[in-house]
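Written below as structure tokens is the structure these notes are about.
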Amino acid sequence: MSPADVNTHGSLAEVDRRTSSSQAAPGASTFWLGEDRFFLVLSIVIGVLAGLAVVCFRITIEWTRLALLGSALSPSGWRTIVAPSLAGLAVAVLVIWIFPAVRGSGVNQTKAALYIYNGFIPLRTALGKFITSALAIGSGQSLGPEDPSLQIGASLASSVGRALNLSREKLRLIAPVGAAAGLAAAFNAPISAVLFVIEEVIGRWSAAILGSVVLSAVSSVVVMRWFLGAEAMFRIPALEVTRPSELLAYAVLGIIGGVASVVFAKGIGALRPRLRALPRWTQYLQPAMAGLLIGIIGYLGAPQVMGAGYQFIDQALHDQFTWRVLGLLAGLKILATIASFVSGTPGGMFAPTLFIGAMLGGAVGGVERIFFPHLTGSIGTYALVGMGVLFAGFLRAPMTSVFMVLEVSGNYSIIVPVMIANTFAYVISRSLQPTPLFDILTRQDGLELPSMEEQREETTLRVEDAMRPPRVPVVEERDTVAEALQKIEGTNGDNVFIRPRWSGWRVTSRQALARAAEDGRADLALREAFSNPIVPHLYPDLPLETALRHLDERTVLPVTHRAEPRELEGVISLSDVLNAYRASYQQSLSGARDVSSLPDSPP
Amino acid sequence: MSFRRWTDWEIWKHLRRGELISFFVLFVIGIGLLLVTHFLAANYKAHEQVLGKRWFARGEREMAANRPLEAIADFRNALLYSRENQLIQIRLAQALSAANRTDEARAYFLSLWDQEPGSGLINLELARLAARKGDSSQVLQFYHGAIYGAWEEDPIAHRTAARFELIEHLLHEDGRAQAQAELIVLQSGLPVDPSLQLRAAALFMVVPDYANALKLYRLVLKEDEKNPEALAGAGEASFQLHQYRTAESFLQEAVAAGATDPHLQTLVDTTAAVRQLDPFGRGISESQRAARVVEAFRRAGDRLQQCAQKEGVDLAATPPKNDLQLQSAQWVKIQSSVNARRLRNSEDLRNDVMDLVFQIESRTEACGNKTTTDTALGLIAKDREGVDR
């Protein structure tokens, strides 16, 4: 366990102690409602609590901004430089001395809670994240409130789960439920939040967790809208894609966005470990220096890069900047966000990613319209697609990226350009940087969490990958024992497969048939002579682990056709399954050797 | 365990003491957080409103002082605290437009239009921006959107003003037929307001549609018979309609009422000249007709001389080669027969003489130095052409 892990979650002993009451009987219910149902109800409560916390968090950010930068949209004067620098210093002190677990965005910490710490995230983390992120974002650091909200929600959920003595299984799941609630409230987009948590935190679709995640996300959004209003995050202009040929323009945006994502991710991946390796005293200055850099950028005429920058995304969507300004803002925001994030300042990457995407999209759209004036898409359309592009390329959440744009825009005509551009960005980003940013950060922290991207792309072995051709003796259920013995004469294999008249294969042995004949049952039909149980149905497309549940060292099972159950497609034994797994493992080893030569992988 | 009513006290016995405490604590924390959030949110919203109003008022002041760039920043700041406020959005877009940031203003108005396509104000602003960009199809679309759109206050006045703007734009772009059509629609629903009627009549004069212009001027005069602008307009419209008697009356009244347009006196003189020279006018005796033909013939002869002198043409050359010489030869040929007595008795002769006069006036128009008499003869000729047709 690395020092970072200790900082993040306390010692493993502490984690064990704090979760010990739930470990005795996983899944055992101590609740009158039944733990599963209780968990669903609890998800709503968690959603409400997370929603309230996020509302407070957002208001605190705004108050901080008003106090430090003034009420103007674009801060000006000396405070542009002084506020983020001094606030950076204060944040550094808070992070180093009081809240060491709150560095970074919070997504990985939530994943770590799920996979390593049995869902344990101390309440102190939520408090620390709240204070430090509000101070950082409110003072103009180039970070957003979404990822911190996600972690605040997860931390609250974890605390509630521990207080209610949930079982270990539920305690593990409760952090993502809180994370979805926090993200949904921060983003005012429940579908995207649910998808992101499933895509990036949990990594699998499971009916058990999906209901809870959805309930918590929806309830937190309801709370957030109750207090802050139902206004969408961005006012989306009229969007229309009239000509199919224009999709090429969006493909170009996808390519450029993919490259920009790689630049952004590589910048963070390369600078973060270097800054963390510097002497400890420099850790106090790093957020202040990042603040100073951002303040200077703001002072010199680009205050748009300060803070989360939603209002400027809104302006980009409404064609309020020239393409030169948009391009400049995209570049400066990448620089500012890298500086803020690698300095260890707590804050999220969602808002900067959307900002960069919107600006880049608008800039690319502007340039394309110079060369191809017939393009009908507005700058706002390109900016909106650009947001999805960076989301797909940088955060590597392709499905969330598409739904996020749909949810934010409420316009389904944008789906084709978004899908095309996002696909290009995702593929290019993957080609130029095989390891996603979250995995890089995890490995830099010395943790080994499952990579959601790898999980998504993992090949599932199926029965058809392991089964052998059906070169085995097969007899009919209506055959007599004598006829069966006659039929199998000259064939190989000990197992004899009894084909059913309608359905339900049975398996017997050559010796059993011979014994039956000797016992005077030679004239009996097989269904009368044998009472062997029907063997489980296996089909070629079933996952291999399904077969594994039914096999022991001696069993051989038939694999049948789904449409014609009397048709034998193949047979499978335990050794076949193990051989298939070995072959797959060998393949993955050769793949891993290729990847390990890349610089992002841990030493 | 099956569902049971939560009011059933038995079920609570299944809960451990610790769990009960946890639930209670959770409930208390939830209520506490709710109260804190409510307090924070209410406080912040109130502050937001104050800030929004303050920035908006500042923006309005900047706009009033014709400083649109400063107003843009102020309205943007106001929008930060009052995002859905449409008035601020419209003001911001107007400030962008005033700062000549047409594309930005247009994008802004378009997004507003998307939210409220029936808004008269937004359509009007978009129409103005389209006019500035020269996008004629959008100009019509948005002006019509403004004319038929919804206005919060005084919709009739706004719609009328929007149609006036459209007509003026069309006339500026030389779309006279379309402007005339819009004017006719406007005229039918025009409020009884002399200033609007005069404005519409003036536009009818530009189209030109003198009959409708005269109709409107008469409407104004019905309410205010001494309105000098209406009198002058009616006079000019009548003049253009060749109703010289009416024109003379209106024009003289206009001068008497204090109309100061210098063009007016020329019109008065020309009208008087037409009325005095026209040999085809009704209500005059044959002797007067003959005298007017003689006068016109004499003036045509003088005009020929002046023009020949200016162009250096010898009118006495034989045989005549150019049109001036030909017309001079004709003039000389019939000179002996042009006398009051013969003209009084022969309408054909009067017509022949006047045809020659009109030809000479037409030919010599290019020589310049036209007198009121020449202009009057030209107008009489045109009038005559109309009668012949």
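The values are calculated or read from the model by the stated rules, or taken from the named source; none is laboratory data. Here the structure is a predicted model, which is why all the values come from computation and not from measurement. Every residue, glycine as well, gets a Cβ built from its backbone with ideal geometry; the counts of neighbours run over all protein chains shown.
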key: Failed item, numbered, when A:G344 is tested on (1) touching a Phe, Trp or Tyr at 6+ places or on another chain (Cβ under 9 Å); (2) away from chain B (no Cβ under 14 Å)   = (1)
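Against the definition (in a loop (DSSP other than H, G, I, E, B) and not β-branched (V, I, T)), how does A:F234 come out, yes or no? Lay out the reasoning, then the answer.
Details: in a loop (DSSP other than H, G, I, E, B): yes; not β-branched (V, I, T): yes.
Criteria met by A:F234.
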key: Search result, residues across segment A:331-376 that are surrounded by fewer than 24 Cβ atoms within 10 Å (Cβ to Cβ) and under 22 Å from A:L247 (Cβ atoms)   = A:G366, A:V367, A:E368, A:R369, A:I370, A:F371, A:F372, A:P373, A:H374, A:L375, A:T376
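What about A:V91, is it at pLDDT 80 or above and farther than 29 Å from A:R280 by Cβ? It would help to see each step written out before you state the result.
Numbers: at pLDDT 80 or above: yes; farther than 29 Å from A:R280 by Cβ: no.
No.
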ask   = What is the number of the single condition among (1) at pLDDT below 90; (2) out of contact with any Phe, Trp or Tyr (no Cβ under 8 Å at 6 or more places or on another chain); (3) under 20 Å from A:R58 (Cβ atoms); (4) more than 14 Å from every other protein chain (Cβ to nearest Cβ) that A:R235 does not meet?
value = (4)
task = Could you look through segment A:386-441, keep only residues that are under 16 Å from the mean Cα position of the chain (by Cα) and among the β-branched types (V, I, T), and pick out the one that is nearest to A:V252 (Cα to Cα)?
result = A:V402
key: Any chance B:E248 is surrounded by fewer than 20 Cβ atoms within 10 Å (Cβ to Cβ) and either without any contact (Cβ under 8 Å) to a residue 12 or more places away in the chain or assigned to a helix (DSSP H, G or I) (or both)   = no
task = Inspect segment B:141-151 for any residue being at pLDDT below 90 and assigned to a helix (DSSP H, G or I) and give the result as yes or no.
result = no
request  = Could you pull out the residue among A:G291, A:G301, A:G269 that is of a type in the set (G, A, S) and in contact with a Ser or Thr (Cβ under 7 Å, 6 or more places away or on another chain)?
outcome  = A:G291
query = If the Cβ limit is 8 Å and pairs must be 6+ apart or interchain, which residue in segment A:191-220 that is crowded, with 22+ Cβ neighbours inside 10 Å pairs with which residue that is outside any helix (DSSP H, G or I) and among the small types (G, A, S)?
reply = A:L195/A:A397; A:F196/A:A397; A:E199/A:A397; A:E200/A:A397
message = Suppose the filter is buried (at least 23 other Cβ atoms within 10 Å of the Cβ), over 15 Å from A:S74 (Cβ atoms), away from chain A (no Cβ under 11 Å) and without any contact (Cβ under 8 Å) to a residue 40 or more places away in the chain; does B:A95 pass it?
response = yes
inquiry  = Among the residues of segment B:301-339, what is the count of those that are in contact with a Phe, Trp or Tyr (Cβ under 7 Å, 6 or more places away or on another chain) and more than 23 Å from B:G368 (Cβ to Cβ)?
reply    = 1
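What tally of residues in segment A:386-414 results from selecting those that are under 21 Å from B:Q115 (Cβ atoms) and among the aliphatic types (A, V, I, L, M)?
As a first pass, look at segment A:386-414 and keep what is under 21 Å from B:Q115 (Cβ atoms): A:387, A:405-414.
In the following step, the residues that additionally are among the aliphatic types (A, V, I, L, M) were identified as A:387, A:405-406, A:408, A:414.
So the answer is 5.
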message = Would you confirm, using the coordinates I've provided, whether A:T442 is in a helix (DSSP H, G or I) and among the β-branched types (V, I, T)?
response = yes
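Going by the structure shown, is B:V220 touching a Lys or Arg at 6+ places or on another chain (Cβ under 9 Å), modelled with pLDDT of 90 or more, over 20 Å from B:D383 (Cβ atoms) and among the β-branched types (V, I, T)?
Details: touching a Lys or Arg at 6+ places or on another chain (Cβ under 9 Å): no; modelled with pLDDT of 90 or more: yes; over 20 Å from B:D383 (Cβ atoms): yes; among the β-branched types (V, I, T): yes.
Answer is no for this residue.
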task = Starting from segment A:65-78, keep only residues that are within 10 Å of chain B (Cβ to nearest Cβ), then list their pairs with residues that are among the basic types (K, R) whose Cβ atoms are within a distance under 6 Å, requiring at least 6 positions of separation or different chains.
result = A:L73/B:R76
remark   = Selection from segment B:98-122 of residues touching a Pro at 6+ places or on another chain (Cβ under 8 Å) and either acidic (D, E) or outside any loop (DSSP other than H, G, I, E, B) (or both) yields B:A98, B:A107, B:L110, B:S111, B:D114, B:G120
inquiry  = All but one of (1) more than 24 Å from B:N77 (Cβ to Cβ); (2) part of a loop (DSSP other than H, G, I, E, B) hold for A:A392; state the number of the condition that does not hold.
reply    = (2)
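Please state which one of B:A366, B:A329 is surrounded by 13 or more Cβ atoms within 10 Å (Cβ to Cβ) and either hydrophobic (A, V, I, L, M, F, W, C) or in a helix (DSSP H, G or I) (or both). It would help to see each step written out before you state the result.
Values: B:A366 fails: surrounded by 13 or more Cβ atoms within 10 Å (Cβ to Cβ).
Answer to the selection: B:A329.
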remark   = Cβ pairs under 9 Å, 6+ apart or interchain, first in segment A:417-432 and at pLDDT below 95, second acidic (D, E), ordered by first then second residue, are A:P417/A:E246; A:R430/A:E453
Subset tally (residues that are part of a helix (DSSP H, G or I), within 14 Å of another protein chain (Cβ to nearest Cβ) and more than 24 Å from A:L94 (Cα to Cα)) for segment A:124-169 = 4
ask   = Restricting attention to segment B:265-274, does a residue exist that is surrounded by fewer than 16 Cβ atoms within 10 Å (Cβ to Cβ), of a type in the set (V, I, T) and part of a helix (DSSP H, G or I)?
value = yes
note = In the set B:R350, B:R342, the lone residue that is among the basic types (K, R) and surrounded by 17 or more Cβ atoms within 10 Å (Cβ to Cβ) is B:R350
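What residue, of A:A522, A:A517, is farther than 22 Å from A:M467 by Cα and out of contact with any strand residue (DSSP E or B) (no Cβ under 9 Å at 6 or more places or on another chain)? Spell out how you get there, then give the answer.
Numbers: A:A522 fails: out of contact with any strand residue (DSSP E or B) (no Cβ under 9 Å at 6 or more places or on another chain).
A:A517 is the lone residue from the list that is farther than 22 Å from A:M467 by Cα and out of contact with any strand residue (DSSP E or B) (no Cβ under 9 Å at 6 or more places or on another chain).
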request  = Tell me which residues, restricted to segment A:288-322, are surrounded by fewer than 21 Cβ atoms within 10 Å (Cβ to Cβ), more than 24 Å from A:A265 (Cβ to Cβ) and within 14 Å of chain B (Cβ to nearest Cβ).
outcome  = A:G301, A:Q311, A:T322
Elements of type strands (runs of 3 or more DSSP E) contained in segment A:451-515, each with 3 or more residues being at pLDDT 85 or above, over 27 Å from A:S575 (Cβ atoms) and outside the structural domain of A:L568 (by TED's automatic domain parsing) = none
inquiry  = Considering only segment A:255-270, I want to know if a residue exists there that is within 14 Å of another protein chain (Cβ to nearest Cβ) and in contact (Cβ under 8 Å) with a residue 40 or more places away in the chain.
reply    = no
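Being of a type in the set (A, V, I, L, M, F, W, C), within 25 Å of the chain's Cα centre (by Cα) and assigned by TED's automatic domain parsing to the domain that holds A:G357 is the filter here, so list the residues in segment A:233-265 that pass it. It would help to see each step written out before you state the result.
So the first thing to find is which residues in segment A:233-265 are of a type in the set (A, V, I, L, M, F, W, C), and the list is A:233-234, A:236, A:238-239, A:241, A:247-249, A:251-253, A:255-256, A:259-260, A:262-265.
Next cut, within 25 Å of the chain's Cα centre (by Cα) only: A:233-234, A:251, A:253, A:255-256, A:259-260, A:262-265.
The answer is A:A251, A:L253, A:I255, A:I256, A:V259, A:A260, A:V262, A:V263, A:F264, A:A265.
Any idea which of A:T337, A:T353, A:T322 is out of contact with any Phe, Trp or Tyr (no Cβ under 6 Å at 6 or more places or on another chain) and either closer than 25 Å to A:G182 by Cβ or aromatic (F, W, Y) (or both)? If you could, list the steps in order and put the result at the bottom.
Details: A:T353 fails: out of contact with any Phe, Trp or Tyr (no Cβ under 6 Å at 6 or more places or on another chain); A:T322 fails: either closer than 25 Å to A:G182 by Cβ or aromatic (F, W, Y) (or both).
Every option except A:T337 fails the conditions.
If you scan segment B:67-84, which residues turn out to be away from every other protein chain (no Cβ under 11 Å) and in contact (Cβ under 8 Å) with a residue 12 or more places away in the chain? Give the derivation first.
As a first pass, look at segment B:67-84 and keep what is away from every other protein chain (no Cβ under 11 Å): B:67-71.
Of everything in segment B:67-84, those that are away from every other protein chain (no Cβ under 11 Å) and in contact (Cβ under 8 Å) with a residue 12 or more places away in the chain turn out to be B:P68, B:L69, B:A71.
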